[in-house]
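Student: Mind looking over this structure? Questions follow.
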Amino acid sequence: MVKKQELFLNSNDHSFELGFADNLMLRNYARLNNFYFCSMIGGAESIRDLQESKNIFADAFEFPMIESLFAIKKIFDALEKVFILDSYSLKNKFIFINIDSTDGLELLKDLNDLIIPKFLTKENIIFNFDRRSITKSIGLVKSENFEMEDFEEQINSLILNKINFIKNRSFRFSVSGGIKEKSFIHMQGINLSPDFIKTGLFTIKSNNDNDIIFQKISDLQALELKIISQMNKCIIYKHNYLNIRESHLRNYIKNK
């Protein structure tokens, strides 16, 4: 079997309100293209989301809004419950923990107290810094209508002050939120070198070659456009079918 490249297709089903069939379609697309498939989990204890993700053989799980060490421990407990009969399979799964608030940033200081279960692989635990959410959390903006590049220096420096807590435990980290070539050059300039970059539906392995990585991002954005277009057509088709069926039933009952 060909080893998968460290490139993740993210479902983001809570953002897009995707159903099980939609996630299954994305999973199949990821498998066809030899990508990892990452499923969004609603919360630290979302057993149902984890069970559905297990059923479609997700390779990774993303947990948003994690703000305490206690929440991370709850993630581990939920994983153990769902995979109780085959916990060994979790060794090859990836866990993305989103840091998107001031509380999330503070929890990183306590990582030395985090006990990693034997069924997980430490380097497969990845902390993602959501730069846009952090910008809002620390009070720099009041709405979604802002350009990340206006706060590049401040937010990147804030992240830089936290990454040693992650690296000292041999975890990896990623960044997301308005990642442009200028962003990456600035991060390189302050020795902030993420292991992954999350952009839209994809999370990709980072490296120091700007030309290569941003050509890859450009290619993936074109691919994302195709995927979203296809998903949109499916939603329109379902909407049209439901409208036709509703109209048919109303007429049937009216003329009965």
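No lab work stands behind these numbers, since they all come straight from the coordinates. This is a predicted model, so every value here is computed, not measured. Cβ sites come from the backbone with ideal geometry, for glycine too, and all protein chains shown count toward neighbours.
Student: Given Ile99, Ile84, Ile116, Ile75, which one is touching a strand residue (DSSP E or B) at 6+ places or on another chain (Cβ under 8 Å) and surrounded by fewer than 16 Cβ atoms within 10 Å (Cβ to Cβ)?
Tutor: Working: Ile99 fails: surrounded by fewer than 16 Cβ atoms within 10 Å (Cβ to Cβ); Ile84 fails: touching a strand residue (DSSP E or B) at 6+ places or on another chain (Cβ under 8 Å); Ile75 fails: surrounded by fewer than 16 Cβ atoms within 10 Å (Cβ to Cβ).
Going through Ile99, Ile84, Ile116, Ile75 in turn, the sole match is Ile116.
Student: If a residue has to be exposed (fewer than 14 other Cβ atoms within 10 Å of the Cβ) and farther than 27 Å from Glu80 by Cβ to count, how many in the range 119-140 make the cut?
Tutor: Here the count works out to 2.
Student: Please count how many residues of the range 49-107 are closer than 21 Å to Ser137 by Cβ and in a loop (DSSP other than H, G, I, E, B).
Tutor: Number satisfying all stated conditions: 7.
Student: Does the range 124-136 include one or more residues that are outside any helix (DSSP H, G or I), more than 20 Å from Ile197 (Cβ to Cβ) and out of contact with any Lys or Arg (no Cβ under 6 Å at 6 or more places or on another chain)?
Tutor: No, because not a single residue in the range 124-136 is outside any helix (DSSP H, G or I), more than 20 Å from Ile197 (Cβ to Cβ) and out of contact with any Lys or Arg (no Cβ under 6 Å at 6 or more places or on another chain).
Student: Pick from the range 171-185 the residues that are assigned to a loop (DSSP other than H, G, I, E, B) and without any contact (Cβ under 8 Å) to a residue 60 or more places away in the chain: which of them is farthest from the chain's Cα centre (by Cα)?
Tutor: Looking at the filtered set, the residue picked out is Lys180.
Student: Right, another one. Name every residue in the range 57-68 that is surrounded by 16 or more Cβ atoms within 10 Å (Cβ to Cβ) and either over 14 Å from the mean Cα position of the chain (by Cα) or among the small types (Gly, Ala, Ser) (or both), in order of residue number.
Tutor: Ala58, Ala60, Glu67
Student: Among the numbered criteria (1) touching a Ser or Thr at 6+ places or on another chain (Cβ under 7 Å); (2) of a type in the set (D, E, K, R); (3) in a loop (DSSP other than H, G, I, E, B), which single criterion is violated by Glu152?
Tutor: Tallying (1) touching a Ser or Thr at 6+ places or on another chain (Cβ under 7 Å); (2) of a type in the set (D, E, K, R); (3) in a loop (DSSP other than H, G, I, E, B), Glu152 fails exactly one: (3).
Student: Exactly one condition in (1) touching a Ser or Thr at 6+ places or on another chain (Cβ under 8 Å); (2) buried (at least 19 other Cβ atoms within 10 Å of the Cβ); (3) farther than 15 Å from Leu108 by Cα is not met by Ser174; state its number.
Tutor: (3)
Student: Identify, by number, the condition in (1) farther than 19 Å from Gly104 by Cα; (2) touching a helix residue (DSSP H, G or I) at 6+ places or on another chain (Cβ under 8 Å) that Glu224 doesn't meet.
Tutor: (2)
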